[in-house]
1. May I ask you to say which residue of I18, I8, I85, I66 is of a type outside the set (D, E, K, R), within 30 Å of S144 (Cα to Cα) and part of a loop (DSSP other than H, G, I, E, B)?
2. So, in region 41-59, of the ones that are surrounded by 15 or more Cβ atoms within 10 Å (Cβ to Cβ) and at pLDDT 80 or above, which residue ends up farthest from the chain's Cα centre (by Cα)?
3. Can you report the number of residues in region 20-47 which are closer than 22 Å to Q99 by Cβ and not hydrophobic (A, V, I, L, M, F, W, C)?
4. Quick one: would you say I35 is farther than 16 Å from S123 by Cα, assigned to a loop (DSSP other than H, G, I, E, B) and in contact with an Asp or Glu (Cβ under 6 Å, 6 or more places away or on another chain)?
5. Farther than 18 Å from R27 by Cβ, aromatic (F, W, Y) and touching a Leu at 6+ places or on another chain (Cβ under 9 Å): does that describe Y135?
6. Looking for whichever is at negative phi and surrounded by 13 or more Cβ atoms within 10 Å (Cβ to Cβ) here; the options are A62, A31, A76. Which one fits?
7. Quick one: which residue in V122, V94 is modelled with pLDDT of 80 or more, surrounded by 11 or more Cβ atoms within 10 Å (Cβ to Cβ), of a type in the set (A, V, I, L, M) and in contact with a Gly (Cβ under 6 Å, 6 or more places away or on another chain)?
8. What number of residues within region 97-113 satisfy the criterion of being assigned to a helix (DSSP H, G or I) and surrounded by 12 or more Cβ atoms within 10 Å (Cβ to Cβ)?
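The values are calculated or read from the model by the stated rules, or taken from the named source; none is laboratory data. For clarity, every value in this text was computed on a predicted model and none was experimentally measured. Ideal geometry is used to build each Cβ from the backbone, glycine not excepted, and the neighbour counts take in all protein chains shown.
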Amino acid sequence: MLENSIRIKVKYLIAAGIGLVFGSFQRLFWAIYPIDNPINHWLIKTYAENGHSVLYYLAVYAHDLIVHLMLALILAFVLVKVFGIRRWKPVLVVVACSQIPVFWGAVWGNMGSVVAYWGFWVSLTIALSAIPAAYYFAGFLERSRSLN
């Protein structure tokens, strides 16, 4: 009984470590990626400068969703190998811990205007849902591969 309890705690510690490493990677990636990205420049020229603000926001968030899913898909295959299929509790620990490095240096006194902006909540929803969606897809691929 005690050995099983220790194994469960170690599993969640591993999940927390994976989440912290992935969150650090995300923070570094999103600090560098948008700086001189030709997709962002194209979206600004095509939509924002021509007065199509709604289309611009939709395109930016669709682009961010695709990038988040691509990054999370790499993590999801690791999670399937480490934890197996349909093990959602460690995945939720990974999701929660992946946000710690993202918000680590935030000055919470200045976050009022950011939190009031609807785009913050869209971006946070995309970031939080990408890992579970990618994990579900990776599990689906693993199940279909095991059936063959």
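1. Answer to the check: I85.
2. Filtering region 41-59 for residues that are surrounded by 15 or more Cβ atoms within 10 Å (Cβ to Cβ) and at pLDDT 80 or above, the one farthest from the chain's Cα centre (by Cα) comes out as Y47.
3. Result for region 20-47: 6.
4. no
5. In short, yes.
6. A76
7. Step by step, each of V122, V94 is checked, and only V94 is modelled with pLDDT of 80 or more, surrounded by 11 or more Cβ atoms within 10 Å (Cβ to Cβ), of a type in the set (A, V, I, L, M) and in contact with a Gly (Cβ under 6 Å, 6 or more places away or on another chain).
8. The qualifying residues number 7.
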